[in-house]
1. For segment 1-115, what is the relative contact order in percent, using Cα pairs closer than 8 Å and at least 6 residues apart in sequence?
2. Under a crude label model (7 Å from the Cα following the beta-carbon direction), how far is residue 128 from residue 13 in nanometres?
3. What does the extension gain come out to for residue 187 and residue 219, with contour length at 0.36 nm per residue minus their alpha carbon separation?
4. Return the FRET efficiency for the residue pair residue 147, residue 62: r is the Cβ-Cβ distance, R0 is 35 Å, and the value is rounded to the nearest 0.05.
5. In nm, give the distance between the simple-model label positions of residue 203 and residue 41, each being 7 Å from the Cα along the Cα-to-Cβ direction.
6. If we count every other residue with Cβ under 14 angstrom of residue 88's Cβ, Lys/Arg +1 and Asp/Glu -1, where does the sum land?
7. Per 0.36 nm of contour for each residue apart, how much would the distance between residue 232 and residue 257 grow if the chain were fully extended, relative to their Cα-Cα spacing?
8. Describe numerically, in nm with one decimal, the distance between label points set 7 Å from Cα along Cα→Cβ at residue 115 and at residue 167.
Amino acid sequence: MTLHAASRDALGFAETRLDEVLGDAGTNPSAVGEELLSVVELLTKEVGLRRSVGDGSSDPEARKRLVRSLLQGKVSEPALGVLDTAVGSRWSSPRELLDGLETVARKALLVSADKAGKLATVEAELFQLARIVEREPELERVLADRVRPASERRSLLRGLLGEKVDAVTLVLAEQVVARPRGRGVAVGIDALVEQAAAYRSKSVAYVKSATGLTEGQRDQLATRLEQIYGRRLALHVEVDDKVGAGLVIRVGDEVIDGSVAGRIEALRRQLAS
């Protein structure tokens, strides 16, 4: 997600307000997250409404009144409090308001998972789901097919996952499928993995290995990578027999390819040049 300067500030205000409302006793983070996602869905469908509430040149108080007139009694007061801050701020475009609200909603769901002691589980499940979608191009195509109704795509995902994953994992993944971006569903789910890691103040290291790594090997690799990159990393390992010996590691846009397959491909490129 790319936001311009004004939208980055607006997102910061909305996230701060979210933290405040979730700090109140009795507030259910999961419910707030799902309510905010329902508003994202509404604004996705209603282009005119999205433009009205995302128009930074209009009166902020008028935008707040419009949202409350439509949603009062339909979503909780904590969710309305976040929406007040979001629509009362100046975003660079209505589309960036939508992206920002989605980010805030996802954070609320991650807070819910964290409070339940399941954040690491949700993060791992999202990583595995992204790998499944990545390995199945036809599944990726169907889940990203905007011609199909979002409800149909969501049903397909629920049928695939059933009760095999945490409820938060399912809600987050369904949102990616309901509102796919240009880069694809697998990439969208990986963005959730990164948001979950960022919530724990970590970046993500994607690792491919021909065989599974022991816990000791994972710890040693994580320690070494953190020394290299100078920051805390969440290690996610995919077993891929195409790698051969060694590892392929991606952190951000940087790839460290120490695999046999990578060395062979590098040699082929050298011979072809």
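Every number in this text was worked out from the coordinates using simple rules, so none of it is lab data. Everything numeric in this text was worked out from a predicted model, so none of it was measured. Quick reminder, even Gly has a Cβ in these numbers, built from the backbone with ideal geometry, and neighbours come from all protein chains shown.
1. In percent, rounded to a whole number, it is 47.
2. Calculated label separation equals 4.2 nm.
3. 8.9 nm is the gain from fully extending residue 187 to residue 219.
4. Given R0 = 35 Å and the Cβ-Cβ separation, E is 0.45.
5. Rounded to a tenth, the inter-label distance reads 3.6 nm.
6. +1
7. 6.9 nm
8. According to this spin-label approximation, the distance is 1.3 nm.
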